[in-house]
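Chemist: First, the structure itself, so that you have it in front of you.
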Amino acid sequence: MDFRIGFGYDVHQLQEGLPFWLGGIQLEHTKGSLGHSDGDALIHAICDAMLGAANLGDIGLHFPDTDPSLKGIDSKILLRKTMDIVASKGYSIGNIDSTICLQRPKVKSYIPHMQAVLAKTLGIDPQQISIKATTTEKLGFVGREEGVSAYAVVLLKKD
Ligand code: MG
């Protein structure tokens with residue numbers, strides 16, 4: 001069995017009046033993510049971790065923010081395409097661990113839904129996806145509610 005670990009990190013700016021997509025679902029909030037796609041920082045961090053584990057570059061290489069066909073795209077489509085890319089190299093997902101950094105709103109109650117949606121998109125069990133959340137104690141851009149960040153590690157395996 002061949003095991004590969006990968007790490008991903010992403011940030012999106014938060015602005016008033018935009019829809020807030022995170023972990024494949026829409027959060028109730030007055031602000032949302034600014035981005036070329038739907039701005040889902042958690043999904044983007046997971047995609048980068050998957051690509052990193054397979055040593056296949058990063059999300060910007062595969063899905064450039066200069067591509068007009070990706071404008072406003074649902075990041076679940078990018079996640080599914082990323083799964084197809086790593087699967088084409090013979091990899092499957094062992095597990096995913098992730099952390100969302102966000103001052104407001106509290107995301108704890110959303111996490112089971114995020115796990116279910118991401119698991120369905122990836123074709124894996126929700127038990128294979130850990131999603132944690134933290135504030136930054138009002139420090140930095142996250143603390144000032146100017147942005148959201150997310151970290152992810154992914155273990156890929158190949159028989
Ligand atoms: Mg991003």
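Chemist: Do we have any residue at all in the stretch 24-36 that's open to solvent by 70 Å² or more (accessible area, probe 1.4 Å), farther than 21 Å from Lys108 by Cα and within 11 Å of the ligand (Cβ to nearest atom)?
Modeler: Yes, some residue in the stretch 24-36 is open to solvent by 70 Å² or more (accessible area, probe 1.4 Å), farther than 21 Å from Lys108 by Cα and within 11 Å of the ligand (Cβ to nearest atom).
Chemist: Quick one: Val148 ticks every box in (1) touching a His at 6+ places or on another chain (Cβ under 8 Å); (2) open to solvent by 60 Å² or more (accessible area, probe 1.4 Å); (3) of a type in the set (A, V, I, L, M, F, W, C) except a single one, so which number is it?
Modeler: (2)
Chemist: Can I ask one more? Could you grab me the full set of residues in the stretch 114-133 that are open to solvent by 50 Å² or more (accessible area, probe 1.4 Å), over 11 Å from Ile96 (Cβ atoms) and touching a Leu at 6+ places or on another chain (Cβ under 9 Å)?
Modeler: Ala133
Chemist: So which residues in the stretch 46-57 are in contact (Cβ under 8 Å) with a residue 24 or more places away in the chain and either open to solvent by 40 Å² or more (accessible area, probe 1.4 Å) or more than 10 Å from the ligand (Cβ to nearest atom) (or both), if there are any at all? Steps first, answer last, please.
Modeler: So in the stretch 46-57, the residues in contact (Cβ under 8 Å) with a residue 24 or more places away in the chain come out as 46-56.
Correct list: Ile46, Ala49, Met50, Leu51, Gly52, Ala53, Ala54, Asn55, Leu56.
Chemist: Could we say that Asp84 is modelled with pLDDT under 95 and either out of contact with any helix residue (DSSP H, G or I) (no Cβ under 6 Å at 6 or more places or on another chain) or within 10 Å of the ligand (Cβ to nearest atom) (or both) here?
Modeler: So Asp84 does not fit the description; no.
Chemist: Here's something else I'd like to know. Find the residue count for the stretch 62-95, including only residues that are under 14 Å from Thr121 (Cβ atoms), open to solvent by less than 50 Å² (accessible area, probe 1.4 Å) and in a loop (DSSP other than H, G, I, E, B).
Modeler: So the answer is 1.
Chemist: Also, quick follow-up: Within the set of pairs 6+ apart or on separate chains, which have a first residue in the stretch 32-45 that is over 18 Å from Ala133 (Cα atoms), a second that is near the ligand (Cβ under 7 Å from one of its atoms), and C-beta atoms under 9 Å apart?
Modeler: Cβ pairs passing all conditions: Leu34/His12; Gly35/His12; Gly35/Ala41; Gly35/His44; Ser37/His44.
Yes/no matrix, rows are residues, columns are (1) under 20 Å from Phe20 (Cβ atoms); (2) over 12 Å from the mean Cα position of the chain (by Cα):
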{"position": "Ile59", "(1), (2)": "yes, no"}
{"position": "Asp67", "(1), (2)": "no, yes"}
{"position": "Gly90", "(1), (2)": "no, yes"}
{"position": "Asp97", "(1), (2)": "no, no"}
{"position": "Ile100", "(1), (2)": "yes, no"}
{"position": "Ser109", "(1), (2)": "yes, yes"}
{"position": "Lys138", "(1), (2)": "yes, yes"}
{"position": "Glu145", "(1), (2)": "yes, yes"}
{"position": "Tyr151", "(1), (2)": "yes, no"}
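The values are calculated or read from the model by the stated rules, or taken from the named source; none is laboratory data. The structure presented is a predicted model; accordingly, all values stated were derived computationally and were not measured. Reconstructed Cβ throughout: ideal geometry from the backbone, glycine too, with neighbour counts over all protein chains shown. Note: accessible area is taken over every heavy atom of the protein model, side chains too, but ligands, DNA and RNA are not part of it. Shrake-Rupley method; radii C 1.70, N 1.55, O 1.52, S 1.80 Å.
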